[in-house]
Amino acid sequence: MELPKYITNNIKLSPQKEAELYSYFEKLKFKKGEFLYEQGSVCRSIFFIKEGLARAFYYSDSGKEITGWFALENEFITAFDSFYYKTVTNINCELLEDTILYALSTADLELLLEKDHDFAKIAFNILSQITMNIVEFMGTLKFQTAKERYLFLTEKHPQIPQRVTLQHIASYLGITRETLSRLRAEL
């Protein structure tokens, strides 16, 4: 397991501390179509994706699936509100590919936070990365056209259109599949 570069660039750990940090992460393997967490459950871990792809989504009042975000290799994902407050989530996290990931439980994160200042800084960086991804996406929804949102997605994560269905991408962008098809034809 490797810590993402944005963490190790900011916080240098001794080999002993790095080994200790890794000992708190549990390696897990999932098949395509399985869920990390589901609506109505409490998400008790934060996940680092080594290989694979995850999709976080929720249901609108009318029952329509709304994709909130995707997480790729070297990214973290969790149901932030559920993980932090230990409450049930309204978010589902489906794995779109066979996935290998590392899980850090809430309890282990709390131990790490109490144990060492460097571990607390790492936790802050992880949670900041998750939060910034959500904030960045919310900004694109509010201030960009559908075309601009699609271009943003393809520039930031060019592999998503190759690995994700058009329906999931359209849902993520807040447009219909037909609109997405027209946009792709224009580009």
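If the condition is being under 19 Å from the mean Cα position of the chain (by Cα) and more than 17 Å from Ala71 (Cα to Cα), then the range 168-187 contributes only Gly174.
The numbered conditions (1) loosely packed, with under 13 Cβ neighbours inside 10 Å; (2) closer than 12 Å to Trp69 by Cα; (3) outside the structural domain of Gly68 (by TED's automatic domain parsing) are all true for Gln162 except (2).
Residues in the range 15-63 that are among the charged types (D, E, K, R) and either on the phi > 0 side of the Ramachandran plot or touching a strand residue (DSSP E or B) at 6+ places or on another chain (Cβ under 7 Å) (or both): Glu26, Lys27, Lys29, Lys32, Glu34, Glu38, Arg44, Lys50, Glu51, Arg55.
From the list Ile100, Ile134, Ile126, Ile130, the lone residue that is in contact with an Asp or Glu (Cβ under 9 Å, 6 or more places away or on another chain), assigned to a helix (DSSP H, G or I) and assigned by TED's automatic domain parsing to the domain that holds Glu51 is Ile130. Of the residues making up the range 89-99, those that are of a type outside the set (Ser, Thr, Tyr) and surrounded by 15 or more Cβ atoms within 10 Å (Cβ to Cβ) are Ile91, Asn92, Cys93, Glu94, Leu95, Leu96, Glu97. In summary, Leu113 fulfils each of the numbered conditions (1) within 25 Å of Lys29 (Cα to Cα); (2) surrounded by 14 or more Cβ atoms within 10 Å (Cβ to Cβ) with the single exception of condition (1).
Of the residues making up the range 42-78, those that are surrounded by fewer than 15 Cβ atoms within 10 Å (Cβ to Cβ), of a type outside the set (Lys, Arg) and either in contact with a Leu (Cβ under 9 Å, 6 or more places away or on another chain) or not in a strand (DSSP E or B) (or both) are Glu51, Ser60, Asp61, Ser62, Gly63, Asn74.
The values are calculated or read from the model by the stated rules, or taken from the named source; none is laboratory data. Being a predicted model, the structure only gives us computed values, none of them experimental. Cβ: placed from backbone, ideal geometry, glycine included. Neighbour counts: every protein chain shown.
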